[in-house]
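The values are calculated or read from the model by the stated rules, or taken from the named source; none is laboratory data. Predicted model only: the values in this text are computed from it and were never measured. A quick note on method: Cβ atoms are made from the backbone with ideal geometry, for glycine too, and the neighbour counts reach across all protein chains shown.
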Amino acid sequence: MNSAPADTHPLHQLLPRLGSDEEFRALRDLLEECGYNREGICRRLEIPQIWEYRTIRQQRAVAIETERGLDVLIRLFLDNEYVGRKEMDALLPAGAAGILERLNLVIRDSERPELVFATVTLYPGTGLVENLPHGVLIASDRATAPDPAAKYWLPADVVYPAVVENTRTFLEAMPDGPCDAFLDLGTGTGIAALIASRFAGRAWASDIAPRSAHFAEFNRRLNGAANVEVVEGDLYEPVEGMTFDRIVTHPPYVPTLRPRFVFRDGGDDGEQIIRRVIEGLPRFLRVGGMFYAVVLGADCEGEQFEERIGKWLGAARDEFDLLLVSHSLRTPKEFLSNAIAKKTTGFEEMQFWQEIWTRRKTEFLFYGNVVLRRHGAGRPATVTRLQKGAGFSGKHLNWVLDWQAETHDQARLDQVLDLHPEISPDCELRVLNRVQEGRFVPQAFSLEVERPFTTECRCQEWLVRLVAGCDGNKSWREHFRQAREDGIIPAEATERDFASILEAMVTNGILRVPERPLPV
């Protein structure tokens, strides 16, 4: 993606070695024997999820008591601390030190040879991949020096740990249905491609940074994922001439004054990488294929983010259905206030953000899922934006796209009208009453749901009456005829118009149709 000169720190010259299948098999067996897996680590550290280990580590005043092999591995690979060589030999199984040293995962300190430290951070991946052999294990760069007092800095091409909140956001909703060819652009540690090895015939993991490609290949071998191929180059460059039925990316999206980190910096507006990725979809995504990303994008005055995505697709824009699922939608002022509260961004960078957003007339910053599916059908493309709610998962992305395609296909209109809608059990009706002539009179109505998407639909009384009559017994066609007879909709309203109402009510979770149940 972005290429940047690599800073050099002595610790970052210590890359893990790409060993043989036998050496990696021995490493997996060692880690499993010591209980170095998600369950074992969470139990030992008394945390509910592996994602929380970094916070817990920062809160601990002292290291954990080193009583067994698992403790040694936690101190080496999660805490990134020194461990005594004698202590390691005594508590780890026989031959363990040799296994770790041969793969250059653990080395002696040059000034204090009685101490050893890990060259990487090594941790279990997400619970989404429990059915992979041995789960999934991921190595990435260290975050600190083994001596906390030592001067330390991260290189521009640092391979960032995958066990962080934004990576979890990306992985949690990544579509996991079977596919033939899967491509992960800007793979970093390779975790998305490793997850895809469960359901894809073959997966490609691409990254512009040689360091990332090295770690991704190390992790591929560590997990024994024979159907994953790691390639190095700028975006689609290494797979030129190929096509895929699933393309995913978690690209750099931070607006950048001065490029610093390959994994983070998304150009002067934050959209340079995702723009290039989407521009390539007409060439690399097959008909019926799906693209998935988590990004930060801008809604600007006169041009929302989805309109800009359509422009990036060029002449092929009508071939792609688009779904945006917002995890947050904040004004630039709210975004900057949050950055100030977290104390993770310098004043100069925040000033640059404010200037670029003012220049672009940015009204809101969208953070969430971008999903495109190439329908290849003779119908207009659909464009939908939703707000993430409780219980949302990747299964809902496919469900919405399927539902949108069905309701926008003129040939399937009869099937849509014959569905039997009912009120969602999660739907709430809120009525605002105002005093008129000494008594309360209903003045405003809203239908609200929070699962799996958060929706507040402000509507007129006739629509509330219509929804209230949906109990699953009558078809939508029957509701249409009754509504026209009762005069609550215009006489010139067509079945197509009425089908659009059902589409919106079901998409937003206000109504549901038993014939098309929501994924659990």
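A few comments on the model shown:
- Breaking point among (1) in contact with a helix residue (DSSP H, G or I) (Cβ under 9 Å, 6 or more places away or on another chain); (2) touching a residue at least 60 places away in the same chain (Cβ under 8 Å), for G314: (2)
- Odd one out for E87 among (1) closer than 30 Å to V228 by Cα; (2) not in a loop (DSSP other than H, G, I, E, B): (1)
- Of the criteria (1) more than 25 Å from M505 (Cβ to Cβ); (2) of a type outside the set (K, R); (3) at pLDDT below 95, which one T331 fails: (3)
- Selection within region 347-392 - at pLDDT below 90 and either among the acidic types (D, E) or closer than 22 Å to V520 by Cβ (or both): E348, E349
- Long-range neighbours under 9 Å by Cβ, at least six apart or interchain, first residue farther than 16 Å from D321 by Cβ within region 399-417, second buried (at least 17 other Cβ atoms within 10 Å of the Cβ) and of a type in the set (S, T, N, Q): L413/T407; V416/T407
- Every residue from region 464-520 that is among the hydroxyl-bearing types (S, T, Y) and out of contact with any Pro (no Cβ under 9 Å at 6 or more places or on another chain): T494, S500, T507
- Within region 347-359, residues that are at negative phi reach partners that are assigned to a helix (DSSP H, G or I) with beta carbons closer than 7 Å, at six or more positions or on different chains, in the pairs M350/L336; M350/A339; W353/L336; Q354/P332; Q354/L336; W357/P332.
- Residues satisfying the criterion are present in region 484-498 (criterion: surrounded by fewer than 21 Cβ atoms within 10 Å (Cβ to Cβ), β-branched (V, I, T), part of a loop (DSSP other than H, G, I, E, B) and free of Cβ contacts under 8 Å to residues at least 12 places away in the same chain).
- Top-ranked residue in region 139-179 [being of a type in the set (D, E, K, R) and within 30 Å of G201 (Cβ to Cβ); ranked as farthest from the chain's Cα centre (by Cα)]: D176
- Output for region 467-477, where each listed residue is exposed (fewer than 14 other Cβ atoms within 10 Å of the Cβ) and in a helix (DSSP H, G or I): A468
- Among residues of region 482-520 being acidic (D, E) and out of contact with any Ser or Thr (no Cβ under 9 Å at 6 or more places or on another chain), the one that is farthest from L463 (Cα to Cα) is E515.
- The residues of region 430-455 include none that are closer than 24 Å to W403 by Cβ and loosely packed, with under 15 Cβ neighbours inside 10 Å.
- Scanning region 156-167 turns up no residue that is more than 16 Å from P251 (Cα to Cα), of a type in the set (D, E) and not in a helix (DSSP H, G or I).
- Among the residues making up region 72-81, a single one is at pLDDT below 95 and either farther than 19 Å from P161 by Cβ or basic (K, R) (or both): R75.
- Taking region 499-520 as the range and being assigned to a helix (DSSP H, G or I) and among the polar types (S, T, N, Q) as the test, the residues that pass are S500, T507.
- For region 17-35, the set of residues classified as in contact with a helix residue (DSSP H, G or I) (Cβ under 8 Å, 6 or more places away or on another chain) and either in a helix (DSSP H, G or I) or closer than 16 Å to G224 by Cβ (or both) consists of L18, G19, D21, E23, F24, A26, L27, R28, L30, L31, E33, listed by residue number.
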